[in-house]
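Here's the structure, in structure tokens; my notes come after.
Every number here is computed from the coordinates shown, using simple stated rules; none is lab data. Keep in mind it's a predicted model, so treat the numbers as computed, not measured. Here the Cβ positions follow ideal geometry from the backbone for every residue, glycine too, while neighbour counts run over all protein chains shown.
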Amino acid sequence: MLAFDFGHRRIGVAVGECAAGGLARGLVTLTVNDGVPPWDRISALVDEWRPQRLVVGVARNMDDSDSPMTAACHAFGAELRRRCGLEVDFVDERLTSLEALDTLRDARASGRRRRRVRSGDVDREAARLIAHQWLAEHDDRDPAQEHT
């Protein structure tokens with residue numbers, strides 16, 4: 001599965017693997033030019049990773065109402081579906097960017113991360129969190145069979 005943290009300036013991308021116990025990791029941050037996502041780069045990632053599904057984080061307000069980005073996230077997902085021919089799921093991404101920033105800052109403060117936190121790092125980490133959330137919500141593995 002590939003997960004996307006869509007934005008008007010940048011798109012964070014992560015890969016999630018159900019077979020690997022629900023692991024997710026950030027891949028890249030793509031630059032959006034004049035409001036147009038880099039579809040050639042997105043297609044190349046889909047070709048490279050051959051996901052079964054795509055996941056897009058949807059921005060919503062804390063009161064569960066639509067935010068100014070909600071429609072844009074859905075439009076991006078619809079275009080992904082059209083261009084890639086894959087199912088697209090949507091995940092509520094409230095607070096993922098803040099959580100991503102906190103995670104990266106903590107890693108820097110502890111010495112696990114050497115360089116300063118940049119915007120693209122936050123987008124990629126937010127995409128990882130979106131992938132992780134989707135995997136957690138769709139964990140249909142039977143825990144009794146994990147040890148066999």
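Some values worked out for this structure:
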{"item": "Positive minus negative residues near V15 (Lys, Arg vs Asp, Glu; Cβ under 12 Å)", "result": "+3"}
{"item": "Distance in nm between pseudo-label sites at R60 and D89 (7 Å out along the Cβ direction from Cα)", "result": "1.5 nm"}
{"item": "Footprinting exposure proxy for R9, R60 (fewest neighbouring C-beta atoms within 10 Å first)", "result": "R9, R60"}
{"item": "Within-10-Å neighbourhood charge of V88 [Cβ basis; K, R +1; D, E -1]", "result": "0"}
{"item": "Amide H within-cut-off set for F90, under 5 Å, with H built and near neighbours excluded", "result": "V56"}
{"item": "Length released on extending from C18 to R41, taking residue separation times 0.36 nm less the Cα-Cα span", "result": "5.9 nm"}
{"item": "Residues N33 and D139, FRET efficiency given R0 of 35 Å [Cβ-Cβ distance, rounded to 0.05]", "result": "0.45"}
{"item": "Kirkwood Rh (inverse of mean 1/r, distinct Cα pairs), region 1-78, angstrom", "result": "13.3 Å"}
